[in-house]
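Single-structure report; data block below.
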Amino acid sequence: MLTPRSRKFLSYYRPYIGRLTINLIGALLGSITLLLIPLCVRYITKNLLGDINPQTPIQIYQMGGLMLALVVFHVVGIYVVSYFGHLMGGMMERDMRAELFAHLQKLSFSFYDRQKTGQLMARITNDSFAMSELYHHGPEDLLISLVNFLGAFVILLKINSGLAAIAFLFLPIMAIYAIYFNRKMRQAMRLSKERIADINVQVEDSLAGIRVVQAYTNEAAERTKFEYENGRFLDSRKFEYRSEAAFFEGMIFFTQLMPIAVIVFGGISITRGRLDLPDLLTFLLYIGILIEPIKRFSNFTRLYQEGTTGFERFMEILELMPQVQDSADAKPLAQIKGEIEFHNVDFQYDIGNDHVLKDLSLQIEAGEFVAFVGESGVGKTTLCSLIPRFYDVNKGQITIDGRNTLAITLGSLRQHVGIVQQDAYLFSGTVAENIEYGKMGASRDEIITAAKQAHAHDFIIALPQGYDTDIGQRGVKLSGGQKQRLSIARVFLKDPQILILDEATSALDNASEQAVQASIERLSRNRTTLVIAHRLSTIQKADRIVVLEKGRIAEEGTHQDLLSRDGVYARLYQMQVRL
Ligand code: ADP
Ligand code: MG
């Protein structure tokens, strides 16, 4: 009966069946007690006041005590629902979020090439919240509205079926009205959220580019664009307020209309002797209770829609298989020498796109220092990112020490590869924490040694709190060269056998480049090193230079070899020398 997704949806209740039961018992207690109070009132007004005797005051006090007890039980029940129930929802939300985060960590580069981080963050926060609200409020809203509705229905029907019919005539109308305007309200809210996001995008764009805007004196044009978005936001607000007003005032209209109808028709019934005053009073009290299930039910339809949409999106991600993952027979590789070989490798990022690499074969000795050269976009970065399997090849294979990388567990493969890129990613935190990222749990001594090897120690101890200095988000408080040396220290600490330097110094000025270059030279000692360099002057000492062109190797050899061959490399080199 159940689809796999709905089974999955329900499976999150499994660890909390106990809590769910307590929550539902609380909901039941809260709704039944509420139903009993008007019956007590009826008993007092009809039975006790209808037959006044010396015992009556005591009996009235007793009924008062009973009602007080009912109110206390009601409050306890609702307390359980709103505290334990919410907590259960929160726990389920935590579980789902943890599962989503763990899954996101497994997804491959190709997934992140297509995703916007902001949207993923929204999924982790907003969608989980919407789901948790449904998980928690869904069952209790349904239960409470069902019990209140059916209870009141049965009781009123017993007291006076004609008047009950009139009162219940209102309910479907009210329910339809509530659901309709609830949906309108939700659409309006979503629209305003989108529009405010548009404003944010506009503001960010204009202000981030304020220097350009002012340099071109295009303030007026920017203002016009902004006013357009600003106006559209107001329109959506108008829609939102209108539907909100219609919903709430409509509900008030109906809640006022029901007692009026009951009093009028009930009053007439009394004149005809078909109803008495206590019963009319009872009716009026139940009318008050009936509003509750309607509100809860229209709330439930909202939660249901938002929660299931959130769940669909949640499952869309959870059902994505990581493109790169361990094969069943993958084995860890403890020690390697660092020999790398590409065997007739084809690679394309997306099916249908051009091949970035085509039938590429290349052998790299252990400990060799190989430089890759070629025009921007020729595939140098791509070639290197295939080694740690950030992407998988489409054809051919890559071996390390003669073993297919597909047969090595990802964890151990990546353990052997260190990468320094142009824009080192630093996490918010301290200098020491950022270096430690290369080897979690490294001691302070190891961190300092790595920093010294990366020629970073001196600038680090000059920072206000030395190794414990907070470097700000993404390392904003450091210069480019300093950030790069931290990322090199990280790799020293990791101590991989294979090293990839992808334009590691390209973004730096001359002075920082010198400093970083010195630490890079030290880092590449005794490791297989693949270097991608923008400035050819930095790779003249390479054991071998590989020139890429159109996804293939155009030429390879030492700097001198290639110069004397007077081919692609010689041309590139001449061009740079002349600059
Ligand atoms: P290089 O490092 O030599 O400048 P790249 O390896 O970065 O070149 O890119 C090679 C080609 O692959 C380019 O045409 C580029 O547009 C494309 N490319 C690079 N990264 C991606 C990606 N993540 N998704 C799709 N195409 C990409
Ligand atoms: Mg590149």
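Read-outs: derived from the displayed coordinates by stated rules, not from any lab. For clarity, every value in this text was computed on a predicted model and none was experimentally measured. With ideal geometry, Cβ positions are generated from the backbone for all residues, glycine too; neighbour counts draw on all protein chains shown.
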Q. Around Ser479, which amide H atoms from residues at least 5 apart in sequence, or from another chain, sit under 5 Å from its own amide H, with H modelled in the peptide plane?
A. none
Q. Check Ala554: other-chain or 5+ apart residues with amide H under 5 Å from its amide H, H built from backbone geometry?
A. Val547, Leu548, Glu549
Q. Over all pairs of distinct alpha carbons, what does the Kirkwood formula give as the hydrodynamic radius of the chain, in Å?
A. 30.6
Q.
Whole angstrom only: what separates the Cα centroid of region 308-325 from the Cα centroid of region 140-179?
A. 41
Q. So, with +1 on the Cβ of K and R and -1 on the Cβ of D and E, and no other charges, what is the size of the charge dipole of the chain about its Cα centre, to the nearest 20 debye?
A. 1400
Q: Do me a favour and compute the ellipsoid semi-axes for region 4-318 from its Cα gyration tensor, root of five times each eigenvalue, largest one first, whole Å.
A: 51, 27, 15
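May I ask you to order 428-440, 175-187 by the average number of other C-beta atoms within 10 Å around their residues, highest value first? Before the final figure, lay out the partial values.
Details: 428-440: 19.0, 175-187: 17.2.
Ranked from most to least packed, the peptides come out as 428-440, 175-187.
For a Förster distance of 45 Å, can you work out the FRET efficiency between the beta-carbons of Leu207 and Glu365, rounded to the nearest 0.05?
After rounding to 0.05, the efficiency reads 0.30.
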Q: Quick one: net charge around Ser161, please, counting Lys, Arg +1 and Asp, Glu -1 for every other residue with C-beta under 13 Å from its C-beta.
A: +1
Q.
Taking the Cα centre as origin and putting +1 on Lys and Arg beta-carbons and -1 on Asp and Glu beta-carbons, what dipole magnitude results for region 4-318, to the nearest 20 debye?
A. 520
Q.
With N set to the number of residues, divide the alpha-carbon radius of gyration of region 220-315 by 2.2 N^0.38 Å and report two decimals.
A. 1.85
Q) How big is the charge dipole of region 516-579 about its Cα centre, in debye rounded to the nearest 20, if each Lys and Arg gets +1 on its Cβ and each Asp and Glu gets -1 on its Cβ? A) 200
Q: Please state, as a whole number in µm²/s, the translational diffusion coefficient that the Stokes-Einstein equation yields for region 480-579 at 4 °C and 1.567 mPa s, with Rh defined as the Kirkwood radius across alpha carbon pairs.
A: 88
Q | ³J(HN,Hα), Karplus 6.51/-1.76/1.60, whole Hz, each residue of region 413-420, x for Gly, Pro | A | 4, 6, 4, 8, 10, x, 10, 10
Q | Phi to ³J(HN,Hα) by Karplus 6.51 cos²θ - 1.76 cosθ + 1.60 over region 401-407, Hz, x for Gly, Pro | A | 6, x, 9, 4, 5, 5, 9
(Q) Of Leu104, Val345, Ala167, which is farthest towards the positive pole of the chain's charge dipole, taken about the Cα centre with +1 and -1 on the beta-carbons of Lys, Arg and Asp, Glu respectively? (A) Ala167
Q) What percent do you get for the relative contact order of the chain when only Cα pairs under 8 Å and 6+ apart count? A) 13
Q) For Lys238, which lysines qualify as cross-link partners when the Cα separation must be under 27 Å and same-chain residues fewer than eight apart are set aside? A) Lys184, Lys193, Lys225, Lys295
Q: For Val531, enumerate residues with amide H under 5 Å from its amide H, sequence gap 5+ or separate chain, H modeled in the peptide plane.
A: Val370, Ala371, Phe372, Leu501
Q: Quick one: what are the phi-derived ³J(HN,Hα) couplings along region 73-88, Karplus 6.51/-1.76/1.60 with θ = phi - 60°, whole Hz, x for glycine and proline?
A: 4, 4, 5, 4, x, 5, 5, 4, 4, 7, 8, 5, x, 4, 5, 4
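Could you compute the net charge surrounding Val201? Neighbours are other residues with a C-beta less than 11 Å from the C-beta of Val201; K and R count +1, D and E count -1.
My count for the surroundings of Val201 gives -3.
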Q. With respect to the cross-link table entries Lys452/Lys477; Lys106/Lys395; Lys116/Lys494; Lys106/Lys541, which display a Cα-Cα separation exceeding 32 Å?
A. Lys106/Lys541
